[in-house]
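Reviewing the structure listed below.
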Amino acid sequence: MSNKKQSNIKQNSDTSKKVFLVANQKIHKTNLLWISGILLLTFIAFTPTLKNGFTNWDDNVYIGENTLIKSLSAENIKKIFDIDNQVALNYHPITILSFAIDYKLSKYNPKTYHATNLLFHLLNTALVFWFIFLLSGNKLQVAAMVALFFGIHPMHIESVAWISERKDVLYVFFFMSSLICYYKYIHAERKNKLPLYMFTLILFLLSILSKAMAVVLPLILLLIDFYEGRKLDKYSIFEKVPFFIFALFFGVIASRIQSQGAAIANLDTFTWLQRFEFASYGMVNYIYNLFVPINLSCFYPYPDPKNNYLSFIFYISPFIVLGLSAFVLWSIRKNKILVFGFLFFCVTIALVLQFITVGKVIMADRYSYLSYIGLLFPIAMGYEWLQHQENKKYISLKKIAKLLIVLCVAICLVLTYQRIKVWKNSDILWTDAIDKYPNSEAYHSRASYLVNKSAIDKGKKNVEENEYDRALEDFSNSIKLNPNNAQVYTGRANIYALKNLFELALNDYSRAIELDKTDAQTFLNRAGAYNLMKQFDKAIVDYNTALTLNPNLIAAKQNRSYVYVNMGNYAKAIADLNELIQRTPSNADYYFYRSFAYFKMGNFNSALADNTISIQLNPNNNVVYYNRSFINKALGKFKDALDDALKAQSMGYSVNPEYINELKSKIL
């Protein structure tokens, strides 16, 4: 070959490379602009969440009462990853670790937790764009459309605005990252395959450790193989084996943990036919809510088939699902896009379609967070196809489609922005649920918040006062809708006790115990009511039962010791207080009560020692000084007795002047 020809070939090759690089740079810049615009719209739609607080729907369990998030020490991180340390019947250490980081940053400032959720939602939106861009063959319009609706759809509010659903945004972050790595892996050169494969597997593991729903990822990998035309051979199956092993292992763990509580209902709660109807109803509603996201709620209760509450939609839903499934099967050879999208939706939502009853709701908005990607993909591809049609007969359809997209974006933005405000606090959240779908659980949850706002509204400078009358009404409404929930009776009984309506309180406590004889807290609360009624013998019986059910219930042993003091059974009181002091030697009240018991038994020196320790631990209790005055008097230490009496008086305690004069006369 001549030097001239070689020079021309080299020049053409260099030119082609330059053209490719320029085109590639253009694509990256255009993609970056589109992603930036989509993320900006998503951020605007979700900004109200940054003004929201905590709710009493698991936020108290994950944040307020969760000791695992209080430290980032190596020892505590090890505890977080211990399989036995599940939280709210879930094993998701990555999620708990993220809460621990938030706690380290701002303790109980809800804005930090909401900001983290929103950050991961924005990252997920970008990852969805990237994945769909690759999957669609670099179709920018398709990627933008799927990512935008993923970002701003009202059905995704629950996953972002609910702090406890951090597990949703986290597992999807690792899930989508894993899918992108897998796509890169199957298209990579041989030398780059192993690192991409390992990244795919590691990201899958992180996804499972964020939420167990990630176990379906191996099936999605097979779907990608199908869509990309990969052969189902020994190699493609063998490479999925580690994924299925992880999925099976963590799936068994999740099932075992959830079966320990009420998360998974007994199989005889509903018939298999009813379960199929519920699953079909859920699937139809998820699809419907993609297009018509109205009447959304944080709680969709099960119907009551015993009272013939099943509406017509429950009976026709199975036929709709069977019809859709048949159509998709028919389309396998004709429309791979539709098949991939529908199966992606089905696989990612299958575990929560209530074939096995998990939780107390028939469906939940959060379950659509990942699965809607599957439904949005074929819609976006169809829109892309329509916009590229040159035939004049499509002109009107193209204009209508564009108008519909703009209208849908505007509606989603408005609906999302407004609905996020529902998650501002527990009162607003459960009121919305009650307005949409009146049910026992919603009334119970709102009542529980109204009687203990300070435990939930952490991070607020001024917590509103508890509303016992509203709570009492809510507990009563909850009982009307479901008279078999022991916790609701206990909640109402507590309010009756606060109002000194002890007979009503005892009736509710007793009813709660009839329904659930294993709840130590109910026995503890009823014992408290007996104590206030001066029925000490009955109080002791309930405290004993509570401790039998839960030997670690400190409040039961503590209150029992105080009742023993009131009964004059000082020996038993001291025995209980000895154990309590050994467990918690910094509690001033324990020393105070033991001092009183010793004093009544004539052991004045021990009484003085305990009273002095109580003062050292809490020097602001005027009663303790007054009691020590009596002990010193009994020991003949009249000067010390007078000093303590005067100290108690200076701190606001009403001391009888005759007592002071008596001590002065003893000194003189």
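Relative contact order for the stretch 518-658: 13 percent, from Cα pairs under 8 Å spaced at least 6 residues apart, divided by residue count.
Structural descriptor for the chain: relative contact order 11 percent, calculated from alpha carbon pairs under 8 angstrom and at least 6 residues apart. Accessible surface comparison of GLU158, GLU390, GLU658, GLU384, probe 1.4 Å, protein chains only, largest first: the order is GLU390, GLU658, GLU384, GLU158.
If you wrap the stretch 462-619 in the convex hull of its Cα atoms and look at it from every side, the mean projected area works out to 11.0 nm². Computed over protein heavy atoms with a 1.4 Å probe, the accessible surface of the stretch 442-487 works out to 55 Å² per residue. Taking 24 Å as the straight-line reach from the Cα of LYS104, the lysines in range (excluding those fewer than 8 positions away in the same chain) are LYS51, LYS70, LYS78, LYS79, LYS167, LYS211, LYS424, LYS453, LYS458, LYS460, LYS461.
Sorting LYS139, LYS517, LYS392 on solvent-accessible area from highest to lowest, probe radius 1.4 Å, gives LYS392, LYS517, LYS139. Using Cβ point charges alone (K and R +1, D and E -1), the dipole size of the stretch 435-483 about the Cα centre works out to roughly 200 debye.
Other residues with beta-carbon under 10 Å from the beta-carbon of ASN525 carry, at +1 per Lys or Arg and -1 per Asp or Glu, a net charge of -2. Classify the stretch 340-437: rounded, prolate or oblate, from the alpha-carbon gyration tensor (a ≥ b ≥ c, eigenvalue square roots; a/c under 1.5 rounded; otherwise prolate if a/b is larger than b/c)? Oblate. Residue-wise HN-Hα couplings along the stretch 587-602, as the Karplus relation 6.51 cos²θ - 1.76 cosθ + 1.60 with θ = phi - 60° gives them from phi, are 8, 5, 5, 4, 5, 4, 5, 5, 4, 5, 5, 4, 4, 5, 8, x Hz; Gly and Pro carry x. Placing dummy labels 7 Å off each Cα toward the beta-carbon, the span from LYS600 to TYR468 is 2.7 nm.
Solvent-accessible surface (1.4 Å probe) assigned to ASP519 amounts to roughly 50 Å². Heavy-atom accessible area for HIS153, with the other protein chains in place and a 1.4 Å probe, reaches approximately 0 Å². Would you please classify the overall shape of the stretch 562-668 from the alpha carbon gyration tensor, given that a ≥ b ≥ c denote the square roots of the eigenvalues, rounded means a/c under 1.5, and beyond that prolate means a/b larger than b/c while oblate covers the rest? Prolate, since a/c reaches 1.5 and a/b exceeds b/c. Using a probe radius of 1.4 angstrom, the carbon and sulfur fraction of the accessible surface of the chain is 59%. Straight-line cross-link partners of LYS231 among the lysines, defined as a Cα under 28 Å from its Cα and at least 8 positions apart when in the same chain: LYS139, LYS184, LYS191, LYS193, LYS240, LYS334, LYS336.
The HN-Hα couplings worked out from phi for the stretch 324-329 by the Karplus form 6.51 cos²θ - 1.76 cosθ + 1.60 (θ = phi - 60°) are 4, 4, 5, 5, 5, 4 Hz, whole numbers, x standing for Gly and Pro.
Around LEU232, what is the net charge, scoring Lys/Arg as +1 and Asp/Glu as -1 over all other residues with Cβ under 15 Å from its Cβ?
+1
Normalised per residue, the accessible area of the stretch 519-579 is 44 Å², obtained with a 1.4 Å probe and no contribution from ligands, DNA or RNA. Charged neighbours of LYS107, selected by a Cβ distance under 12 Å, balance to +3 (K, R count +1; D, E count -1).
CYS181 contributes about 30 Å² of solvent-accessible surface, heavy atoms of the protein only, 1.4 Å probe. Here is the tail figure for the stretch 155-211: Cα pairs spaced more than 17 Å apart come to 44 percent of all pairs.
Which entry in (1) 38; (2) 18; (3) 31 is this structure's computed percent of Cα pairs over 44 Å apart? Working out percent of Cα pairs over 44 Å apart from the coordinates points to (1).
The values are calculated or read from the model by the stated rules, or taken from the named source; none is laboratory data. Note that the coordinates shown come from a computational prediction; the quantities given were computed from them, not determined experimentally. A quick note on method: Cβ atoms are made from the backbone with ideal geometry, for glycine too, and the neighbour counts reach across all protein chains shown. Side chains included, ligands, DNA and RNA excluded: accessible areas come from the protein's heavy atoms. Shrake-Rupley method; radii C 1.70, N 1.55, O 1.52, S 1.80 Å.
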